[in-house]
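The values are calculated or read from the model by the stated rules, or taken from the named source; none is laboratory data. Here the structure is a predicted model, which is why all the values come from computation and not from measurement. No Cβ is skipped: glycine too gets one built from the backbone with ideal geometry, and neighbour counts run over all protein chains shown. Protein only, heavy atoms only, side chains kept; ligands, DNA and RNA dropped before computing areas. Shrake-Rupley method; radii C 1.70, N 1.55, O 1.52, S 1.80 Å.
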Amino acid sequence: MTSPASTIDMLVTQITRVAKDINSYELRPEPGVILPEFTAGAHIGVSLPNGILRSYSLVNPQGERDRYVITVNLDRNSRGGSRYLHEQLRVGQRLSIVPPANNFNLVETARHSVLFAGGIGITPIWSMIQRLRELGSSWELHYACRGKEFVAFRQELEQAASEAGATFNLHLDEEANGGFLDLSGPVARAGEDSIFYCCGPEAMLQAYKAASADLPSERVRFEHFGAAPSSAPADDVFTVLARSGQEF
């Protein structure tokens with residue numbers, strides 16, 4: 001039995017708090033339904049009962065076909081997306097989703113991957129790390145958060161880095177007097193055959209673009225999570241910035 005191409009009916013089977021103001025939501029289909037494949041960095045569209053559609057990155061391993069897992073930060077200025085998920089959604093409820101799409105692809109053949117994440121931007125990056133670990137590939141992670149209570153997947157990331165012999169640099173703003181994560185250093189130190197990825201807020205993205213400005217575009221990939229324009233009734237929207245410079 002397969003699912004319709006347009007939308008899939010899903011059941012909320014588990015809600016897990018992974019950090020302060022951050023929850024993971026496990027969604028499973030009707031019995032017998034095999035979910036569409038996805039790759040690391042992909043997202044799904046979630047149609048909420050309050051009538052709005054939001055896109056969220058998948059954080060579970062890409063080989064899984066029996067569930068999708070999304071992780072959502074509670075936006076204090078939410079206009080209906082994250083606030084609904086955090087305050088009203090319960091295990092046992094059903095949601096309609098749009099199948100996975102990916103505009104933030106992982107280059108699986110890269111000799112080394114350098115990953116940067118800021119806040120909830122860790123979601124597609126964590127999916128990538130799980131895939132890199134499965135492939136036995138070389139990688140390093142530089143992850144910035146406001147404080148230790150906001151660090152999602154900390155134990156999982158530390159374990160993955162330990163098993164892979166990878167660098168895991170956790171930057172906490174509260175311990176750095178508000179200083180920003182250094183992006184230019186890791187970019188400069190990486191080999192010429194490294195691929196770079198970044199997902200985070202505007203300030204991080206701008207620093208990343210500056211640090212990687214001299215690199216070939218095919219080695220620089222990024223995804224930006226941010227607020228929608230004020231005229232749009234949305235809050236948890238993300239913008240995909242393609243290597244061509246186009247925005248989706």
Name the chymotrypsin sites (Phe, Trp or Tyr not before Pro) in the range 40-108 that are in a loop by DSSP and that have at most 13 other C-beta atoms within 10 Å, would you?
none
Could you give me the percent of Cα pairs per 5 Å distance bin for the range 112-224, shortest bin first, beginning at zero and ending with the bin that holds the maximum distance?
2, 12, 25, 25, 21, 11, 3, 0
For the range 104-113, what does the Karplus curve 6.51 cos²θ - 1.76 cosθ + 1.60, with θ = phi - 60°, yield as ³J(HN,Hα) per residue in whole Hz, taken in order and with x for Gly and Pro?
9, 6, 8, 8, 6, 8, 5, 5, 8, 10
Mind jotting down the three principal axis lengths of the range 8-100 based on Cα atoms? Whole angstrom, largest first.
36, 23, 20
Excluding ligands and nucleic acids, what accessible area in Å² is computed for ASP9 using a 1.4 Å probe, to the nearest 10?
70 Å²
Taking only the alpha-carbon positions of the range 159-227 as identical scatterers, the Debye log10 I(q)/I(0) at q = 0.24 Å⁻¹ comes out as -1.23
With the dipole of the chain defined by +1 on each Lys or Arg Cβ and -1 on each Asp or Glu Cβ, the option from LEU205, PHE153, PHE180 whose Cα lies farthest towards the positive pole is PHE153
Mean shadow area of the chain over all directions, Cα convex hull, nm²
13.4 nm²
Starting from the Kirkwood Rh over alpha-carbon pairs, what translational D in µm² s⁻¹ does the range 173-212 have by Stokes-Einstein at 10 °C and 1.306 mPa s?
142 µm²/s
Over the range 49-118, what number does the Rg to Rh ratio reach, with both radii from the alpha-carbon atoms and Rh per Kirkwood?
1.02
First compute the accessible area of the range 85-149 with a 1.4 Å probe, then give the percent of it belonging to carbon and sulfur atoms.
43 percent
For the range 109-179 and the range 59-95, what is the separation of their C-alpha centers, rounded to whole Å?
21 Å
